[in-house]
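Reviewing the structure listed below.
The values are calculated or read from the model by the stated rules, or taken from the named source; none is laboratory data. Keep in mind that this is a model prediction, so the values were computed, not measured. So basically every Cβ, Gly included, is an ideal-geometry build from the backbone, and we count neighbours across all protein chains shown.
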Amino acid sequence: MVVIVLAAAAGAAAPAAAMVVPGPAAAAGEWYAAPRVNAWGAGLVDAGTGVRLWSRDVNVARPMGSITKVMTALIVLSAGDLSRKIKVTAGAIRYVHKRGASSAGLIAGDVLTARQLLEAMLLPSGCDAAYLLASSYGPGRAAFVAKMNATAKAMGLVSTHFSWFDGMPYPTEHSTYSTPADLIWLGQQAMRNPLFRRIVAQRRYRVAATAWHHGYLWQTTNGLLGSYRGVLGIKTGNTNAAGNCFLFEARRGRHTLIGVVLHVNPTSSPNALFDAVRQLLNWGFHRT
């Protein structure tokens, strides 16, 4: 059973205490205190064994913002034809301006490949790029969203629903939702795709100007790349209802950990989201 929750008012208490699974260290008589992660929903899994190490409200569905774009990318990658040329339309530019959405700074009239637009969508979280990919690969945005939901069902993501292609709150703040458990599974499947994995491992991607388009430099929203050893990706998200979210994967030695935090509570620190994930990963690597 899945529970769908609405965002609580600012300052509301976080959900129930986290669940911790004893690991090898605990079995040997050593115990590491559970991390105090400032998130409403979260989970951490050993990707190699599938064992869930830590969780909070792992089956409670919440909005997840631009983590949605992981599924958007998988639909495009599954369809292929990444050399497809797609023209940047004025409609895509109006869309991000009207909704105040994150943008890759695309310029109307430019012609880019689907592969380049994947970079623009996954690194700076460009909703303009997502708009163009959904329009082209649906074809049409409604058809594309239908493919997202059909794929979610086929993947067994029974507690996930997409109402829009980029995680923006349409038609309501809570129309697109998922659970930590579903998102971790989605992330595992995405990271099995070599191209997806390469894209989200980059800190930046440069497109040189040509006769077809302007030059671009896209930088990742993943603040742990280059600052936390072993981080491999994958995607941040944020809306008013979703709060700050992050689906992440990291590897140290023989261990790969994948996890997600949903609605990290705002603090005085601008790095609260990444600090929460650092804390969770440090704990996870310490005990594996």
Revision key, fill the gap. Expected output for segment 132-150 (first residue crowded, with 16+ Cβ neighbours inside 10 Å, partner in a loop (DSSP other than H, G, I, E, B) and of a type in the set (G, A, S), Cβ below 6 Å, 6+ apart or cross-chain) is F144/G138
**Study point:** Unique residue being crowded, with 21+ Cβ neighbours inside 10 Å and not acidic (D, E) when the list is V45, V51
**Key:** V45
Review point. For segment 46-88, which residues satisfy the criterion of being of a type in the set (V, I, T) and closer than 30 Å to Y137 by Cβ?
Key: I67, T68, V70, T72, I75, V76, I86, V88
Check your understanding: Is it fair to say A14 is modelled with pLDDT of 95 or more, at negative phi and not hydroxyl-bearing (S, T, Y)?
Key -> no
Exercise for review: Scan segment 123-141 and give yes if some residue there is part of a helix (DSSP H, G or I), among the aromatic types (F, W, Y) and out of contact with any Cys (no Cβ under 8 Å at 6 or more places or on another chain), otherwise no.
Suggested key: yes
**Study point:** Filter result (touching a residue at least 12 places away in the same chain (Cβ under 8 Å), farther than 15 Å from P180 by Cα and within 19 Å of the chain's Cα centre (by Cα)) within segment 239-275
**Key:** T239, N240, A241, A250, R251, T256, N265, P266, N271, A272, L273, F274
Check your understanding: Which ones in segment 43-72 are farther than 15 Å from G237 by Cα and part of a loop (DSSP other than H, G, I, E, B)?
Key -> A47, G48, T49, G50, V51, D57, V58, N59
